[in-house]
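The values are calculated or read from the model by the stated rules, or taken from the named source; none is laboratory data. Since this is a predicted model, take the numbers as computed values, not measurements. In this analysis, Cβ positions are derived from the backbone assuming ideal geometry, glycine residues included, and neighbour counts consider all displayed protein chains.
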Ligand SMILES: Cc1cc2nc3c(=O)[nH]c(=O)nc-3n(C[C@H](O)[C@H](O)[C@H](O)COP(=O)(O)O)c2cc1C
């Protein structure tokens, strides 16, 4: 296998523009990013929610960022596509994977998967007019993993730029394990370039999944990368080592890791300072930082000790002290 293409999945409330930019300053290995989903694109031009830094090309790289929409309304998807295209983006992604009941019960996100006729009508209309690459991120189903069987022939009718599959059903949320064997069985049935997403938590789990799903070469990382921001670099390095005669991509050329603790610490400080600057010093940044720490705690030898120090915090000074104490007192893995 040549070097795999690695992307970072979107996380509402965590992987916003400040996160993506700070992450890129500190870590390598990720080739492509996605915005957390947008909704409510009511206007033909300059929709209000497409005016902020989350999508502003001055704050984002339009070549490597794909904006995502959560919608079942073809006209809204087309409005979104047009405005993203005007901003310079090359691709949009449709979220057909969100499992949260208040979304899925309205037949949005993965809640659309039990309704192939609706999916077909929506895509027919979208592809009549769309003039930008269009990809989909989905699960195996909402209620049952068989739902995707009726959806794949519909996806195959359209020139999707990629299909990202997280092999769980919506009702599971994130419980149980990603069904890698079921993903494998779908590979020969799908026309679009396929991206695997789910439960890549370590170099070892990546290697195991890779073996099962070959020849798939595109992988979306998620919670594993939030927990261990070195993960994409580590995966790229091991792949690079096994490919002796292939040049390593320029984005993978970086200084040796001398001190992981310092790198992690600088990343966390930079992200906090950046968020604080954006929020004009408001303590509301603590919500997003805590959300990240609920994953990042797993980079430390004693995750529960880390989490106990972070979860109860509600003032900036308390947060700053807790972070200093964590990096001073608790070893990273
Ligand atoms: C809090 C949270 C927010 C998420 N937000 C989004 C989102 O906006 N769009 C999306 O496509 N997926 C979203 N996801 C799903 C992740 O991108 C990813 O598909 C999922 O975590 C499975 O991958 P993993 O097992 O590697 O974590 C979210 C997941 C979580 C836990």
### Summary
Scanning the range 282-310 residue by residue, the ones that are in contact with a helix residue (DSSP H, G or I) (Cβ under 8 Å, 6 or more places away or on another chain) and either surrounded by 13 or more Cβ atoms within 10 Å (Cβ to Cβ) or closer than 20 Å to residue 260 by Cβ (or both) total 20
### Task
Please indicate, with yes or no, whether at least one residue in the range 54-63 is more than 16 Å from the ligand (Cβ to nearest atom) and outside any loop (DSSP other than H, G, I, E, B).
no
### Summary
Residue set 105, 93; condition within 16 Å of the ligand (Cβ to nearest atom) and at pLDDT 95 or above; output residue 93
#### Entry: Residue check for residue 105: out of contact with any strand residue (DSSP E or B) (no Cβ under 9 Å at 6 or more places or on another chain), surrounded by fewer than 21 Cβ atoms within 10 Å (Cβ to Cβ), assigned by TED's automatic domain parsing to the domain that holds residue 173 and under 26 Å from residue 143 (Cα atoms)
yes
